[in-house]
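The values are calculated or read from the model by the stated rules, or taken from the named source; none is laboratory data. If you're wondering where the values come from, they're calculated on a predicted model, not measured in any experiment. Here the Cβ is made from the backbone with ideal geometry for all residues, glycine too, and neighbour counts use every protein chain on show. Surface accessibility is based on the protein's heavy atoms, side chains included, excluding ligands, DNA and RNA. Shrake-Rupley method; radii C 1.70, N 1.55, O 1.52, S 1.80 Å.
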Amino acid sequence: MPIIIRGLEEARRRIVDLESKLKTRVAIGITGKPGAGKSTATSRLKEMIPGEKAVILSQDGYHLSNLQLETLGRSNFKGAPDTFDSEGFAKILLRVKSELTNNIYFPIFHREIEESIAAEGLITEKTNVILVEGNYLLFETYGWGEVAKHLDEIWYLQVDDDLRLSRLVARHIEFGKNPQVAAEWAQGSDEANARLIEKVREKADAFLFI
């Protein structure tokens, strides 16, 4: 049964405890449904960890490009479990846990262009905490099972569904969709993915409430 973490301060203390216990770089997965607030939670948590110790590594950087999605006929399903380079994501997490003194570069996704920029992010030997954010960290299919092997814990972010959907529609509008299309996408493709994510929530090490 997952433990309960209430608030980001409690989350920070748990990371500190894990650092002390493991005596090595810590990788914490933060997962949840689309619009749950994963990016906001990881950004705020990073700010609570002093110096250059923490870096956010997001699954979104491993979106397949729009060109690849078009080639595969999956453009209308962008964000589904099979529309990411999960193998590449797993491999960089292996490096994160094993290459403690090397610089490790990683891609960052930009919603304003709906593409990733390669080697934009950087993990250095000063980085002790990796906050790994993504929808499918608890999945086993489409190669996601390899991702979880390199995470010390995975936390499932709990949020009210009505609030989550309103955030999701607002985000789609912010990045260029008209209100009707935004609502259709949030209640269609996004919601189908949310139902898949809900099914695996009990595999998490903790439920995070913020």
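Can you tell me which of (1) within 21 Å of Ile154 (Cβ to Cβ); (2) surrounded by fewer than 20 Cβ atoms within 10 Å (Cβ to Cβ) is the one Arg111 doesn't meet?
Condition (1) is where Arg111 drops out.
Conditions tested, residue by residue: (1) β-branched (Val, Ile, Thr); (2) outside any loop (DSSP other than H, G, I, E, B); (3) open to solvent by 10 Å² or more (accessible area, probe 1.4 Å).
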{"residue": "Met1", "(1), (2), (3)": "no, no, yes"}
{"residue": "Ile4", "(1), (2), (3)": "yes, yes, yes"}
{"residue": "Glu9", "(1), (2), (3)": "no, yes, yes"}
{"residue": "Ser20", "(1), (2), (3)": "no, yes, yes"}
{"residue": "Gly29", "(1), (2), (3)": "no, yes, no"}
{"residue": "Lys33", "(1), (2), (3)": "no, no, yes"}
{"residue": "Arg44", "(1), (2), (3)": "no, yes, yes"}
{"residue": "Ile56", "(1), (2), (3)": "yes, yes, yes"}
{"residue": "Gly61", "(1), (2), (3)": "no, yes, no"}
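If you scan region 114-127, which residues turn out to be surrounded by fewer than 19 Cβ atoms within 10 Å (Cβ to Cβ) and either in a loop (DSSP other than H, G, I, E, B) or among the hydroxyl-bearing types (Ser, Thr, Tyr) (or both)? Full working, then the answer.
Start the filter on region 114-127 by keeping residues that are surrounded by fewer than 19 Cβ atoms within 10 Å (Cβ to Cβ), which leaves 114-115, 117-122, 124-126.
Selection gives Glu114, Thr124, Glu125, Lys126.
Quick check on Ala170: is it touching a strand residue (DSSP E or B) at 6+ places or on another chain (Cβ under 9 Å), hydrophobic (A, V, I, L, M, F, W, C) and open to solvent by 10 Å² or more (accessible area, probe 1.4 Å)?
Numbers: touching a strand residue (DSSP E or B) at 6+ places or on another chain (Cβ under 9 Å): no; hydrophobic (A, V, I, L, M, F, W, C): yes; open to solvent by 10 Å² or more (accessible area, probe 1.4 Å): yes.
It is false that Ala170 is touching a strand residue (DSSP E or B) at 6+ places or on another chain (Cβ under 9 Å), hydrophobic (A, V, I, L, M, F, W, C) and open to solvent by 10 Å² or more (accessible area, probe 1.4 Å).
Lys199 is checked against (1) within 22 Å of Gly29 (Cα to Cα); (2) open to solvent by 40 Å² or more (accessible area, probe 1.4 Å); (3) of a type in the set (D, E, K, R); (4) touching a residue at least 24 places away in the same chain (Cβ under 8 Å) and fails just one. What number does that condition carry?
Result: Lys199 fails condition (4) only.
Being over 26 Å from Glu198 (Cα atoms), among the small types (Gly, Ala, Ser) and surrounded by fewer than 17 Cβ atoms within 10 Å (Cβ to Cβ), is that true of even one residue in region 95-106?
Yes, there is a match, as at least one residue in region 95-106 is over 26 Å from Glu198 (Cα atoms), among the small types (Gly, Ala, Ser) and surrounded by fewer than 17 Cβ atoms within 10 Å (Cβ to Cβ).
Looking at region 142-167 only, could you name the residues that are open to solvent by 80 Å² or more (accessible area, probe 1.4 Å), in contact (Cβ under 8 Å) with a residue 60 or more places away in the chain and closer than 26 Å to Gln187 by Cα?
Of everything in region 142-167, those that are open to solvent by 80 Å² or more (accessible area, probe 1.4 Å), in contact (Cβ under 8 Å) with a residue 60 or more places away in the chain and closer than 26 Å to Gln187 by Cα turn out to be Tyr142, Arg167.
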